[in-house]
Each structure stands twice: as C-alpha cells, then as structure tokens.
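A quick write-up on the structure given underneath.
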Amino acid sequence: MTKKKVPLRTCIGCGEVKPKKELLRIVRTPNREINFDPTGKASGRGAYMCPKKGCLDLAVKKKRFSVALEVPESEKEVEKLAVALSEHFSPKADAR
C-alpha cells in the first residue's frame, strides 16, 4: 500500500512549513478583496498562516500579505481579517 502524500504549506508569518490542514487560509478573491477562507476551497489566490496572533502581527509588520497575495494591503482590510481570524487563534500559541 502506498502512503498518501500530505500537502505542505509555508506560513507567511513565521515561515514554518506545516501540513495544509494545520494552517488558516487567506484568499484574494477575483475582485481583489482579502478574506479569510475557513473551508479552504474559495476561488482565488491563497496564502497560509499559523493559527497564532504572533504570526498575524509579523505578517502585517513585514507586509507579507501584499507580497503573497499580489495586492496592496490596506489597514482596513487587515483589521477586518484580524477580526475574522481572531476566533481561530490558539490561546497559548505565540510566534517566534
């Protein structure tokens, strides 16, 4: 029997490579909006992030959303994204 390959993705915050299912997906929709994708199936360009508040802070500080999603990020969109992601953050986890 062959083993099934586990897809890996890199966190845009801390840069760690983890299984896709452990990360949160952020998507740039075809009309260039940045949204949280809880299902992982929304159409558009995706980026992945650990469920840690520290990773979000690091990604915002280093402007990694604009690089990964190929769209200029605005403070308003980042705040909206932070609110959407806040319920999915691990309470004890923190970035490096």
* To do: Spot the failing condition for Cys11; the list is (1) modelled with pLDDT of 95 or more; (2) hydrophobic (A, V, I, L, M, F, W, C); (3) surrounded by fewer than 17 Cβ atoms within 10 Å (Cβ to Cβ), and only one is missed.
  => (3)
* To do: Looking only at the range 54-74, decide whether some residue is of a type in the set (A, V, I, L, M, F, W, C), over 17 Å from Val17 (Cβ atoms), in contact with a strand residue (DSSP E or B) (Cβ under 6 Å, 6 or more places away or on another chain) and surrounded by 13 or more Cβ atoms within 10 Å (Cβ to Cβ).
  => yes
* Among the residues listed as Ala42, Ala84, the single one being in contact with a strand residue (DSSP E or B) (Cβ under 6 Å, 6 or more places away or on another chain), at pLDDT below 90 and over 12 Å from Gly13 (Cα atoms) -> Ala84
* **Leu56 vs. criteria touching a Pro at 6+ places or on another chain (Cβ under 9 Å) and closer than 12 Å to Ile12 by Cβ** => no
* To do: Note down all Cβ pairs under 8 Å where the first residue falls in the range 22-50 and is touching a residue at least 24 places away in the same chain (Cβ under 8 Å) and in a loop (DSSP other than H, G, I, E, B), the second is surrounded by 15 or more Cβ atoms within 10 Å (Cβ to Cβ) and of a type in the set (Val, Ile, Thr), and they're at least six residues apart or on different chains.
  => Arg32/Val71
* Asked: So which residues in the range 70-91 are closer than 17 Å to Asn31 by Cβ and in a loop (DSSP other than H, G, I, E, B), if there are any at all?
  -> Glu70, Val71, Pro72, Glu73, Ser74
* Within the range 4-21, can you find the residues that are free of Cβ contacts under 8 Å to residues at least 24 places away in the same chain and either within 19 Å of Ala84 (Cα to Cα) or among the small types (Gly, Ala, Ser) (or both)? -> Gly15, Lys21
* To do: Check Gly15 against each of (1) touching a strand residue (DSSP E or B) at 6+ places or on another chain (Cβ under 9 Å); (2) among the small types (Gly, Ala, Ser); (3) on the phi > 0 side of the Ramachandran plot and name the one condition it does not meet.
  => (1)
* To do: State all residues of the range 14-26 that are surrounded by fewer than 12 Cβ atoms within 10 Å (Cβ to Cβ) and either within 15 Å of Gly40 (Cα to Cα) or of a type in the set (Asp, Glu) (or both); if no residue qualifies, say none.
  => Pro19, Lys21
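Just to be sure, is Ala95 in contact with a Cys (Cβ under 6 Å, 6 or more places away or on another chain), modelled with pLDDT under 90 and not basic (Lys, Arg)?
yes
The values are calculated or read from the model by the stated rules, or taken from the named source; none is laboratory data. As the structure is a prediction and not an experimental result, all values here were calculated from the model. As a convention, Cβ positions derive from the backbone with ideal geometry for all residues, glycine included, and neighbour counts pool all protein chains shown.
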